[in-house]
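One structure is given here, and the rest of the page talks about it.
Just so it is clear, none of the values below were taken in a lab; they were calculated from the coordinates. Bear in mind that the values here come from a model prediction, so they are computed numbers and not experimental data. So basically every Cβ, Gly included, is an ideal-geometry build from the backbone, and we count neighbours across all protein chains shown.
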């Protein structure tokens, strides 16, 4: 949330809903948070059922993206504070 305050206020609120989805659907012990220069980076990985997804902040679109398997994988969904929470639930159900 501190990083969102400084760089990405347009995703600060929706980030909490996305984290709720990761907790709800993610497999235990599957969450990995990437670090850069000793601080958390803008990416995390989680297995949801048996597939790996990357959750990453895109600086160009100013959205949080769900990507397929890798940090350069296909963008499956993207969200910002204008995204209805029901869309988050729907996206996580479909993973």
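Observations on the structure shown:
Condition check ((1) buried (at least 18 other Cβ atoms within 10 Å of the Cβ); (2) without any contact (Cβ under 8 Å) to a residue 40 or more places away in the chain; (3) part of a strand (DSSP E or B)) across all residues:
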{"residue": "35", "(1), (2), (3)": "no, yes, yes"}
{"residue": "70", "(1), (2), (3)": "no, yes, no"}
{"residue": "73", "(1), (2), (3)": "no, yes, no"}
{"residue": "76", "(1), (2), (3)": "no, yes, yes"}
{"residue": "81", "(1), (2), (3)": "no, no, no"}
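- Tally of residues being in contact (Cβ under 8 Å) with a residue 12 or more places away in the chain and closer than 17 Å to residue 67 by Cβ across region 83-95: 5
- Residue 84 vs. criteria at positive phi and more than 12 Å from the chain's Cα centre (by Cα): no
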